[in-house]
Amino acid sequence: MKELLRLISYTRPYKAALLTAVVLMAIAGAMHAATALLIRPILDRALDPRTGDAPVELLRVAGRSLYLQDLIPGGMIHNVWTMLAVFILFVFLANGVCEYFGNYLVNVVGFSAVTDVRQEIFEKLLRQDAEFYSAYSTGKLMSSIMNDIEKIQVAVSHMLADWLRQTFSALGLLFVVLQTDWKLALFSLTLLPFVLVPTARLGKPIRRSTRSAQDDAAELNQILQETLSGHAVVKTFGAEKHEARRFASASETLKKSSLRYVAMQSLPSPIIEFFGAITIVVLVSYARNQIKAGVMTVGDFTAFVIALLMLYEPVKRLTGIHNIFQQALGASQKVFEYLDMTERVRNRDGAVALGGLRDSVRFERAEFCYPGAAGAGGGFALAGVDLEVRRGEIVAFVGPSGAGKSTLANLLPRLYDVTGGRILIDGRDVREYTLATLRAQIATVAQDTFLFNETVASNIRYGRREATDEEVREAARNALADEFIQALPQCYDTLIGERGAKLSGGQRQRLAIARALLKNAPILILDEATSHLDTESELLVQRALANLMSGRTVFVIAHRLSTIRRADKIVVIEAGRVRETGTHEELVKEGGLYRRLHELQYLEAE
């Protein structure tokens with residue numbers, strides 16, 4: 001119930017359209033029930049010319065009758081068949097018009113509400129920190145945004161419209177059968193609890209089976225995403241059959257969980273039909289005696305039976321709709337789980353804007369531990385890091401793989417927050433600045449350059465959407481990228497493919513440098529920016545990086561020690577701790593870890 005009320009709350013901004021739809025569906029339901037009222041006068045009056053033009057009774061309520069002639073303005077028409085024909089056309093026209101517009105408005109509300117849910121969960125995921133993305137796979141997150149919300153969309157758009165239509169039809173038809181013969185109606189309806197109670201009890205199992213099927217679909221989606229993204233690895237290692245088996249196994253699991261849902265969801269329909277058959281057999285037996293006794297006409301009984309049969313149809317539909325809603329509620333559990341997650345990295349109350357870097361960046365006893373991971377530093381990826389970087393300095397982090405270099409750099413833009421100590425910019429804890437203004441002062445060029453399947457210009461403009469075309473070209477020229485961009489089929493308007501697949505490694509890096517140049521942030525992080533490049537590409541990228549680093553405070557992470565000799569300060573990190581600090585010459589003379597790393601690289605080169 002909690003999930004249902006929460007889903008319904010998303011329709012509040014569209015309550016005017018929803019209320020209009022409810023009114024239209026109510027009219028459509030009344031018109032649908034009115035078709036049952038027409039059976040008796042058609043059989044007893046229109047098809048029997050001996051009855052003449054006496055008033056045609058449509059229904060009787062509390063001893064008072066409503067005649068068809070009462071609905072004709074000014075008694076314009078007196079012929080019974082003509083009146084019935086006009087009324088039949090009116091009923092079907094009104095039913096069709098109200099149902100069409102009611103259905104459209106309900107879908108407007110449903111699609112709008114679900115679009116709001118999808119947007120909210122997308123923005124929620126965007127605000128999550130790097131730790132969240134380490135815990136949840138991309139494929140499963142995509143499954144929730146698309147597949148789970150698709151289930152919700154079916155319920156709150158298509159099924160909500162059908163629910164309104166069937167509910168008002170059922171109410172109208174219930175009224176018809178009660179006013180025709182209330183004793184007979186009550187007897188006929190005593191079988192309904194035998195239908196509705198089992199259906200209601202199926203709700204929770206259906207919800208569980210739906211959640212299981214959605215989780216299995218997420219697993220399948222994860223395998224699909226990994227295999228397609230890593231297609232080159234799959235091919236080069238000859239793992240096509242292995243991936244096909246993984247996919248087949250996940251598909252089989254999804255099939256079984258889906259069939260469990262289908263088995264339970266289909267159960268109410270035969271139950272309803274069987275009890276309906278019992279009711280008809282009993283009613284016909286009763287009606288034969290009533291008609292013989294002259295208490296009931298053939299038209300009365302036929303109208304009653306048809307109205308009752310018409311009533312069973314919406315009841316059967318409503319049980320199916322109930323199951324669809326249970327499916328949506330099962331799917332909504334994961335969606336709401338993501339929406340309710342606390343954002344660990346967020347703006348503090350009273351956070352202030354960071355306008356730039358005036359003095360320095362300082363790490364004070366900074367510590368960080370990945371949740372559930374035991375690092376080398378007694379469980380910490382970083383332990384007690386003390387370091388000051390003055391404005392305009394170039395600082396290089398070196399050390400063995402896994403020492404904590406990239407972790408240290410990721411703490412500055414608050415991709416993670418320190419678990420101990422603090423990081424200061426101009427004497428103030430970075431957590432006291434707003435995230436938007438903090439990250440606006442930092443640009444990054446990483447070894448695995450991530451580019452989007454958009455145009456070259458759009459990728460360069462990514463950190464500054466308002467930049468002019470000339471500013472984009474200027475950034476590209478300074479990044480030594482303009483020449484190869486001009487050679488592309490549509491120059492700056494060329495789509496570069498997923499993750500920049502249409503470009504070489506060096507070209508992707510230069511686009512990333514152009515992106516950072518255009519952002520023009522005072523703090524720059526270079527994370528192994530040249531590690532995957534050939535010699536020629538590395539020379540071009542190094543020249544572009546020189547343009548980018550000019551006048552900025554730079555944090556360089558590098559394995560190739562030859563690339564950091566000109567750094568103002570080299571920080572050697574091992575097991576999450578700062579072991580040595582100094583210039584290249586000073587550290588070589590000290591004969592410590594840096595010198596050993598330096599000698600190993602020269603031996604490797606030889």
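The values are calculated or read from the model by the stated rules, or taken from the named source; none is laboratory data. Here the structure is a predicted model, which means the values were calculated and not measured. Don't worry about glycine lacking a Cβ; one is built from the backbone with ideal geometry, like all the others, and counts go over all protein chains shown. Protein only, heavy atoms only, side chains kept; ligands, DNA and RNA dropped before computing areas. Shrake-Rupley method; radii C 1.70, N 1.55, O 1.52, S 1.80 Å.
Of the conditions (1) of a type in the set (Val, Ile, Thr); (2) modelled with pLDDT of 75 or more; (3) open to solvent by 30 Å² or more (accessible area, probe 1.4 Å), THR563 satisfies every one except a single condition; which number is it?
Condition not satisfied by THR563: (2).
Answer yes or no: is there a residue in segment 128-145 that is open to solvent by less than 10 Å² (accessible area, probe 1.4 Å), part of a helix (DSSP H, G or I) and closer than 30 Å to VAL315 by Cα.
Checked against the condition, which is being open to solvent by less than 10 Å² (accessible area, probe 1.4 Å), part of a helix (DSSP H, G or I) and closer than 30 Å to VAL315 by Cα, segment 128-145 yields no hits at all.
Give the residues of segment 329-344 that are hydrophobic (A, V, I, L, M, F, W, C), modelled with pLDDT of 80 or more and under 14 Å from the mean Cα position of the chain (by Cα), sorted by residue number. Working first, answer last.
Within segment 329-344, the first condition is being hydrophobic (A, V, I, L, M, F, W, C), and the residues that meet it are 329, 331, 335-336, 339, 341.
Going one step further and asking which of them are modelled with pLDDT of 80 or more, we end up with 335-336, 339, 341.
Hits for segment 329-344 are VAL335, PHE336, LEU339.
Could you list, in sequence order, all residues of segment 409-436 that are among the acidic types (Asp, Glu) and open to solvent by 20 Å² or more (accessible area, probe 1.4 Å)? Steps first, please.
So in segment 409-436, the residues among the acidic types (Asp, Glu) come out as 417, 426, 429, 432.
If the condition is that a residue be among the acidic types (Asp, Glu) and open to solvent by 20 Å² or more (accessible area, probe 1.4 Å), then ASP417, ASP426, GLU432 are the ones that fit.
Residue check: is SER112 small (Gly, Ala, Ser) and modelled with pLDDT under 85?
Spelling it out, it is not the case that SER112 is small (Gly, Ala, Ser) and modelled with pLDDT under 85.
Of the residues that make up segment 187-207, is at least one open to solvent by 70 Å² or more (accessible area, probe 1.4 Å) and at pLDDT 70 or above?
no
Every residue in segment 108-127 that is β-branched (Val, Ile, Thr) and either farther than 12 Å from ILE152 by Cα or open to solvent by less than 60 Å² (accessible area, probe 1.4 Å) (or both), please. It would help to see each step written out before you state the result.
Restricting attention to segment 108-127, the residues satisfying the condition of being β-branched (Val, Ile, Thr) are 108-109, 114-115, 117, 121.
Result: VAL108, VAL109, VAL114, VAL117, ILE121.
Of the residues LEU424, LEU415, LEU438, which is within 26 Å of the chain's Cα centre (by Cα) and of a type in the set (A, V, I, L, M)? If you could, list the steps in order and put the result at the bottom.
Working: LEU424 fails: within 26 Å of the chain's Cα centre (by Cα); LEU438 fails: within 26 Å of the chain's Cα centre (by Cα).
Of the residues listed, the single one that is within 26 Å of the chain's Cα centre (by Cα) and of a type in the set (A, V, I, L, M) is LEU415.
Could you check segment 221-307 for helices (runs of 4 or more DSSP H) lying wholly inside it with 3 or more residues that are at pLDDT 70 or above? Break it down stepwise before answering.
Details: elements: 231-236, 240-265, 268-292.
Filter on segment 221-307 gives 240-265, 268-292.
Looking only at segment 347-364, decide whether some residue is within 23 Å of ALA130 (Cα to Cα) and among the hydroxyl-bearing types (Ser, Thr, Tyr).
no
So GLU313 clears everything in (1) at pLDDT below 70; (2) open to solvent by 20 Å² or more (accessible area, probe 1.4 Å) except one condition, right? Which one?
Here GLU313 clears every test but (1).
Condition first: open to solvent by 30 Å² or more (accessible area, probe 1.4 Å) and in contact (Cβ under 8 Å) with a residue 60 or more places away in the chain. Now tell me which residues in segment 437-447 satisfy that.
Our first condition is that a residue be open to solvent by 30 Å² or more (accessible area, probe 1.4 Å); within segment 437-447, this holds for 437, 439-440, 444, 446-447.
Passing the criteria: THR437, ALA440, THR444, ALA446, GLN447.
Looking for whichever is farther than 26 Å from ILE513 by Cα and open to solvent by 20 Å² or more (accessible area, probe 1.4 Å) here; the options are GLU364, GLU393. Which one fits? If you could, list the steps in order and put the result at the bottom.
Values: GLU393 fails: farther than 26 Å from ILE513 by Cα.
Only one candidate qualifies: GLU364.
Name the residue that is most open to solvent (accessible area, probe 1.4 Å), counting only residues in segment 477-527 that are of a type in the set (Asp, Glu) and within 32 Å of the chain's Cα centre (by Cα). Step through it out loud before you land on a result.
Within segment 477-527, the first condition is being of a type in the set (Asp, Glu), and the residues that meet it are 482-483, 493, 498, 527.
Those left that are additionally within 32 Å of the chain's Cα centre (by Cα): 493, 498, 527.
Values: ASP493: 107, GLU498: 130, ASP527: 31 Å².
Filtering segment 477-527 for residues that are of a type in the set (Asp, Glu) and within 32 Å of the chain's Cα centre (by Cα), the one most open to solvent (accessible area, probe 1.4 Å) comes out as GLU498.
Within the bounds of segment 341-353, is there any residue that is out of contact with any Pro (no Cβ under 7 Å at 6 or more places or on another chain) and under 30 Å from VAL262 (Cβ atoms)? Full working, then the answer.
From segment 341-353, those out of contact with any Pro (no Cβ under 7 Å at 6 or more places or on another chain) are 341-353; that's our starting set.
Next, only the ones that are under 30 Å from VAL262 (Cβ atoms) stay: none.
Among the residues of segment 341-353, not one is out of contact with any Pro (no Cβ under 7 Å at 6 or more places or on another chain) and under 30 Å from VAL262 (Cβ atoms), which makes the answer no.
Which one is modelled with the lowest pLDDT, of the residues in segment 357-414 that are touching a Cys at 6+ places or on another chain (Cβ under 8 Å) and in a loop (DSSP other than H, G, I, E, B)?
GLY375
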